[in-house]
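Colleague: Shown below is the structure under consideration.
None of the figures in this text is laboratory data; all of them are computed from the coordinates on show. Being a predicted model, the structure only gives us computed values, none of them experimental. So basically every Cβ, Gly included, is an ideal-geometry build from the backbone, and we count neighbours across all protein chains shown.
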Amino acid sequence: MTTAGRTNESMIAEAKKVAEDLGIEYISRQKRAVFTLQTMNEDDCIVVGKERLEMFPYGDEKPFFFHPNSSMFRLKRLIAGKNDPFIDACQLKIGSKVLDCTLGLASDSIVASYVVGNEGKVVGIEGNSFIAYIVQNGLHTWETTIPEIDAALKRIEVINQSALNYLKSLDTRSFDCVYFDPMFEETILESDGIKGLTKFALYEDITEELLSHAKRVAKDRVVLKDHYKSERFAEFGFHVLKRKTAKFHYGILQIR
């Protein structure tokens, strides 16, 4: 844990706090390059900058950092009265409760939070503690020019745990929709500035056990986003919402 090259007392204080929160070592930058600090400690490096937290994988010059990514474009479409395939598949409305079991950079959770509003609830699960911390920090500090979107980001609750363990801890029918996107890493690979996430992210495969708990927790439906050629849809009995020319489809397990 360190600060940006041109640091100040505020950054140093924040870096020390983040280090304490994550249980990692704080190292004074002293104008040294991130690569130098990585080499000295043979480890990944998190940097507190002026506007954001960045995580550099060991030996990599491209950091992972939070960014709303495609959610901003999707929200502007919704505001303009257009539809969003994810929202349609999950059948979300004001007051809905959504569990996103594959949070990633929270793009889907951000769109869901905007739609369900203050009356609803969006919880996102992330297995890697560093990614969870950086995404949660980003959700609470990122600012747009639209107050409703800023509020939507801040409403999302980030849980640092495996999806299976968290699902096991939940009451029956406690969320309207339980959502899985096991292919979110493909989106990440296409995005500059966040490719480093693939070296940290923890991926849980879709299994009968995972889905059995998802079906218990979901009040209305379980939704799976996957590649259009995926065999998971047929294997686990999902009804597929096919979309022409799309690389991925949404599968639905209707609970009621």
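Colleague: Taking the Cα centre as origin and putting +1 on Lys and Arg beta-carbons and -1 on Asp and Glu beta-carbons, what dipole magnitude results for the chain, to the nearest 20 debye?
Modeller: Working: 34 positive and 37 negative charges, 179 e Å.
So the magnitude is around 860 debye.
Colleague: Compute the longest continuous run of the chain that contains no exposed chymotrypsin sites (Phe, Trp or Tyr not before Pro); treat a site as exposed when its DSSP state is not H, G, I, E or B and it has at most 14 other Cβ atoms within 10 Å.
Modeller: Details: sites that count: Y58, Y203, Y228.
By the stated rule (loop sites, at most 14 other Cβ atoms within 10 Å), 59-202.
Colleague: On to the next question. According to a simple spin-label model (label point 7 Å from Cα along Cα-to-Cβ), what is the distance in nm between D88 and Y228?
Modeller: Result for the modelled spin labels: 1.4 nm.
Colleague: Answer with one residue from A33, A19, I46: the one whose Cα lies farthest towards the positive end of the charge dipole of the stretch 1-52, charges on Cβ with Lys, Arg +1 and Asp, Glu -1.
Modeller: Going by the Cα projections, it comes out as A33.
Colleague: While we're looking at this one, here's another question. Give the percent of DSSP beta bridges with both residues in the chain that are antiparallel, rounded to the nearest 5.
Modeller: Details: 15 of 33 bridges.
Bridges in the chain that DSSP calls antiparallel: roughly 45 percent.
Colleague: Going by the alpha-carbon gyration tensor, a ≥ b ≥ c the square roots of its eigenvalues, is the stretch 2-56 rounded (a/c under 1.5) or, if a/c is not under 1.5, prolate (a/b greater than b/c) versus oblate?
Modeller: Working: a/c = 1.65, a/b = 1.19, b/c = 1.39.
Oblate is the answer for the stretch 2-56, as a/c is 1.5 or above yet b/c matches or exceeds a/b.
Colleague: Something else now. Suppose every K and R has +1 on its Cβ and every D and E has -1 on its Cβ; what is the size of the dipole of the stretch 2-56 about the Cα centre, in Debye to the nearest 20?
Modeller: Details: 8 positive and 10 negative charges, 73 e Å.
Taking the Cα centre of the stretch 2-56 as origin, the dipole is about 360 debye.
Colleague: May I ask you to evaluate 6.51 cos²θ - 1.76 cosθ + 1.60, the Karplus curve with θ = phi - 60°, for each residue of the stretch 117-129 and list the ³J(HN,Hα) values in order in whole Hz, giving x for glycine and proline?
Modeller: Those phi angles translate into x, 4, 6, x, 8, 10, 10, x, 9, 9, x, 8, 5 Hz.
Colleague: Filter the trypsin sites (Lys or Arg not before Pro) in the stretch 60-159 to those in DSSP coil with at most 11 other Cβ atoms within 10 Å of their Cβ, and list the result. Show your work: numbers first, answer last.
Modeller: Numbers: sites: R74, K76, R77, K82, K93, K97, K121, K154, R155; in loops: K82, K93.
Counting only loop positions with at most 11 other Cβ atoms within 10 Å, the trypsin sites (Lys or Arg not before Pro) in the stretch 60-159 are K82.
Colleague: Another question, then. Can you tell me how much longer the chain between S212 and M72 gets when fully stretched, taken as 0.36 nm per residue apart minus their C-alpha distance, in nm with one decimal? Mind dumping the intermediate values first?
Modeller: On the way: separation 140, 0.36 × 140 = 50.40 nm, distance 3.30 nm.
Taking 0.36 nm per residue and subtracting the Cα distance, the gain is 47.1 nm.
Colleague: If the only charges are +1 at each Lys and Arg Cβ and -1 at each Asp and Glu Cβ, what is the size of the charge dipole of the stretch 86-150 around the Cα centre, to the nearest 20 debye?
Modeller: Numbers: 3 positive and 8 negative charges, 39 e Å.
Around 180 debye, computed over the stretch 86-150.
Colleague: Okay, next question. Return H239, H67 ranked ascending by Cβ neighbour count within 10 Å, so the fewest neighbours appear first. Before the final figure, lay out each step's value.
Modeller: Values: H239 11, H67 18.
Lowest count first: H239, H67.
Colleague: Which is the longest stretch in the chain that no exposed loop site breaks, taking sites as GluC sites (Glu not before Pro) with a DSSP loop state and at most 13 other Cβ atoms within 10 Å? Mind dumping the intermediate values first?
Modeller: Numbers: sites that count: E25, E42, E51, E61, E119, E143, E190, E231.
Here the longest run is 62-118.
Colleague: Classify the stretch 114-176: rounded, prolate or oblate, from the alpha-carbon gyration tensor (a ≥ b ≥ c, eigenvalue square roots; a/c under 1.5 rounded; otherwise prolate if a/b is larger than b/c)? Working shown, then result.
Modeller: On the way: a/c = 4.31, a/b = 1.35, b/c = 3.20.
Since a/c reaches 1.5 but b/c is at least a/b, the shape of the stretch 114-176 is classed as oblate.
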